[in-house]
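Working notes, structure below.
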C-alpha cells in the first residue's frame, strides 16, 4: 500500500516538479499540497498523511512551523526541504526528529526516506489521531497554534491570552562578556517599575543560560526553585502518562518522550511555583539550575512547553536572558521572541560575531525588524564609530544602534547586586537603558523615581554572598 505524502510549500514550481516525479512511484502518492498554514492544518486532519514534506512558507519561520507540526503530530514522519542557505539549520531540525533534504528535492530521496521509515517501525505507520482543531484563520508568526493540540485534553488556561498584550523580549549576544546579563537585569527592573493603565507591569525574567547562567546572582537571589524544578514536574507528568498507557518509563528512549508532550496540559497558573521574587521591585525570576549537571537533562521539548506556557500566562513582559551560543535553548528563545536585543561591545571580536549571526539570521529569513542593536560599554573615543559599525552590519540608515556608555556606576552595581535602575539620582548608563526600554515597550509617562531601600543590604559584596 502506498504511503500518502503531504507537501507544504509555497514554491509552486518545486511542488509541481516533485508531483510529476512521484506520479509513477510504487511507494508514495501525493495526497495533496498546501501553500498556506491554514490549509496545511486542515489537510493534516482531512487527508491524514503518512509523511509531510515541509518546504518554505512565507507566513511564518520554518523552525516555528517544524516545531508546531512535529509536536501536534508526533507519529508522522516529517522531512524538511531546505534551500542551500537553510541547511545551516539542519542540526536544529534533526534534533526535533525531522529528516532534512536539500532543494531541489528528488523523488528518490523521499522514497528512500519512506522505505527507511517503514523498516524502522517494522510495519505500516499508524495514522495519528489529530490532537488539535485547525485554526479558522492563518496564525501570525508569533501566535503558535500549539494550544489547539491541547484543546481536547487541557483545562482552559487560568489567564486567557486576551487579558494582556504579551511582550516577549530575548536578550542575546553571540560573544561572552559583553554585558548581556547586565542589560537583561536592568531592562527587567526597568519594566517592573513601569505602569500600565494605573497598575504596575507584571514582569518575568527567565535565565536561558542553562548551565552557567548568573541572572539570580546578579540580583542576589536564591536559585531554588528554578527552571529544572519545572522540568522535573514535566518529566513526572510524562512518566505518569506513559504508565497510564501501560508502558514502562524506563524502557522509553529519550527521543520518544517528545511524542507524549501534546498530552500534557498547559498550566500557566502554576508558573509561580517555579519562580523567585525580587522583593524590592516585584520582579519574578525563573532562574537557571544551580547544578550544571541538571542542564544536561533539559531537552528541547521541555523548553518548548515552558515557553508556550509562559505565553499563556498573565505576565505583561517576559524577558529571556540567553547564553552566547546557538544551542536549542537560544534558538527557541530567538524564534519565540517578539523583539530581540542584540548586545555587543565596540571591539573586533564582538562586532565580527554579531555580523556572522546577522548573516545567518538573514539567510534563514528571520524578520530583522524584530532586532534592536545595542553596543554596551561605549566610551567617548572608540576605534569604531557607530556609523562604521552600522555599515559593517549592513543596517538600514534608519535603524538605530542603542549605546550604553561605560559608566563608573555599572561596575559597582554588578559587584553589589543592586541594579543601576535602583540607584538614587541619575547616571548616563541608566538614562541609556531607559531609552532602550522605552523603544522596546512604550510606557506610561510620568514614572516616579524608584525609591531605594532605606536599609542597605547586609550582603553588599558579591564575594561575601557567594562564599559567605
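Note on residue 391 and residue 115: the model spin-label points, each 7 Å out from Cα along the C-beta direction, lie 5.7 nm apart. Treating r as the C-beta distance of residue 383 and residue 200 and R0 as 45 Å, the FRET efficiency rounds to 0.60. Between residue 1 and residue 279, residue separation times 0.36 nm minus the direct Cα-Cα distance comes to 93.7 nm. Taking 0.36 nm per residue of separation and subtracting the Cα-Cα distance, full extension of the segment from residue 431 to residue 363 would add 21.0 nm.
On the basis of the beta-carbon distance and an R0 of 41 Å, residue 347 and residue 220 show a calculated FRET efficiency of 0.90.
Once the Cα-Cα distance is subtracted from the 0.36 nm per residue extended length, the residue 17 to residue 106 segment shows a gain of 31.1 nm.
Computed from the coordinates by the stated procedures, all read-outs in this text should not be read as laboratory data. Since this is a predicted model, take the numbers as computed values, not measurements. All Cβ positions, even for glycine, are placed from backbone atoms using ideal geometry, and neighbour counts span all protein chains on display.
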